[in-house]
Amino acid sequence: MQLLPLPSPNAAPSLAWSILCVFITVLCIGHAAIMLSAEYWSPFTRDLAIDQNDQPRRRSVYINIGTSVLFCMSFVLASPMFLIVRVYRWERSNLVVASLTLFVAVVAVLATLYKTWPYLKYEPQRNSKYPTGLYFLFNLLALAALIVVPLFWLRICLQNAANGVPTYVGLFFTYRSLHPGSGVSPVVPVLLLLFGWYLWAVFQTARLRFSTMNRPRLPDQVTITSSYPLYVPDRQLSACRNPTNVCLFENISCLLITREILRRFTRWPHRKLNVIFLIIYLGLFLLCVFCGRIQSLERFLLHPVHGPTPYEFLIAALFFPLIMVVLTGWLRMIFVWGSLSRGLLEPLERMPVRAAFSRLKEVGWMTMLSQSSLHIRWRDMARSNESVRQLVNNEELRKAIDDDAKWTVLKSAHEDLTLKLKQLREHIQVRKRDRESLHKFCIACLID
């Protein structure tokens, strides 16, 4: 095979490459800034406040996966610029852009490790609801992706032989990676897949707003004299012991929806189900990688005898798990809608409270759904407590009740609620002072 001539020394990265580098750089800076400034009482960053939230290990898993693919995106996009300087005439501005893209990616990784480091080690599982063993495994997979994807990309870019014959196949691959708008750039499919994984990590972290600590709660079930229920109690929506239960919150917040659904009907232990799904997943993964029809431009140059090329293997390894999580997400939505319809919407249609929803004139549905800030919840809490305080101090209401025992119960409930709110505010103030002291101490150490 005759050696191919060197390309033009005047070649340079395209404008699309520079725009993508700027986009990923801004994304990494925003990621690092949000991780370092996450606050539980913030309406935007409270899901990332790991040490102040519940399920910190699970949050760490999603954040680590998102950070891992974010670093891979930066490396896949910026590394070809450093590999091409041995052939092409390079400009300092392009190297600065590539170096900055890789640098902020490393900063994002370090900022994430600073927050998630206490939750990376293995911890034996004590509760079947929180599979800490699986969290450790997923963290290992995130670490493997952080290492393997860049090494795999370097191997593809530096591959200069096809079937034992020296070629420039790796050099052409690197050159096409610097021109994302050419139509034959190998970097575009990889970036789209990695960005899909990053969005998945963001949405999974946001889904934890329905965790036990953060989800909105309805009044619990109380004894009433009415012959029919007046509202849907919180206990009815959270019950999930039998397959006939509503299981609304469990369907929203459980880790693996497929395993959870199968467990409800078979009563098999989680360990057995983990082994079964692992075997099924590995079989489907190997089938997709080695029997799929993913073909790239390198196949015409490398002529592989059996199996995919390294680039095709990388695409399949990123694409197949993403398809699986999309399918399980679709399955989760079906079960969540079924639980919502069967456990909440249909019972509300049979209750007198249904007429109250049509009287909401000033606040629309979209406005209520967008009010997710904890400051708004705090305002509602304060107004509810104020209403209870006015009821307790209403002498006319006390005369209308005409029962000292019930009035004592109402006053005791109000005093208990006031005490808990006071303790919560003191706890928040103490945590803020501790963080401010730690921050000042770190700054003093850096100055010294």
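This table checks each residue for (1) in contact (Cβ under 8 Å) with a residue 60 or more places away in the chain; (2) among the polar types (S, T, N, Q); (3) over 30 Å from Tyr231 (Cα atoms).
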{"residue": "Pro308", "(1), (2), (3)": "no, no, yes"}
{"residue": "Tyr311", "(1), (2), (3)": "yes, no, yes"}
{"residue": "Leu314", "(1), (2), (3)": "yes, no, yes"}
{"residue": "Phe319", "(1), (2), (3)": "yes, no, yes"}
{"residue": "Trp330", "(1), (2), (3)": "no, no, no"}
{"residue": "Val336", "(1), (2), (3)": "yes, no, no"}
{"residue": "Ser339", "(1), (2), (3)": "yes, yes, no"}
{"residue": "Leu344", "(1), (2), (3)": "yes, no, no"}
{"residue": "Pro352", "(1), (2), (3)": "yes, no, no"}
Residue match in region 217-224 (condition: among the charged types (D, E, K, R) and assigned to a helix (DSSP H, G or I)): no
Region 213-255: number of residues that are more than 21 Å from Gly338 (Cβ to Cβ) and in contact with a Phe, Trp or Tyr (Cβ under 8 Å, 6 or more places away or on another chain): 1
Among (1) surrounded by 14 or more Cβ atoms within 10 Å (Cβ to Cβ); (2) under 30 Å from Leu237 (Cβ atoms); (3) at pLDDT below 90; (4) in contact with a Leu (Cβ under 8 Å, 6 or more places away or on another chain) - the single one Thr309 does not satisfy: (2)
Test: residue in region 250-270 that is in contact with a Pro (Cβ under 6 Å, 6 or more places away or on another chain), surrounded by 15 or more Cβ atoms within 10 Å (Cβ to Cβ) and either assigned to a helix (DSSP H, G or I) or charged (D, E, K, R) (or both): yes
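Yes/no matrix, rows are residues, columns are (1) under 24 Å from Arg209 (Cβ atoms); (2) in contact with a helix residue (DSSP H, G or I) (Cβ under 7 Å, 6 or more places away or on another chain); (3) surrounded by 13 or more Cβ atoms within 10 Å (Cβ to Cβ):
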| site | (1), (2), (3) |
| --- | --- |
| Arg58 | yes, yes, yes |
| Leu70 | yes, yes, yes |
| Phe75 | no, yes, yes |
| Leu141 | no, no, yes |
Selected residue (criterion: nearest to Val61 (Cα to Cα)) from residues of region 225-248 that are in contact (Cβ under 8 Å) with a residue 60 or more places away in the chain and in a loop (DSSP other than H, G, I, E, B): Cys247
Those residues of region 381-421 which are within 34 Å of the chain's Cα centre (by Cα) and modelled with pLDDT under 80, in sequence order: Met381, Ala382, Arg383, Ser384, Leu421
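The values are calculated or read from the model by the stated rules, or taken from the named source; none is laboratory data. Just so you know, these numbers come straight off a predicted model, no measurement behind them. Counting neighbours? That spans all protein chains shown, and the Cβs are built from the backbone with ideal geometry, glycine included.
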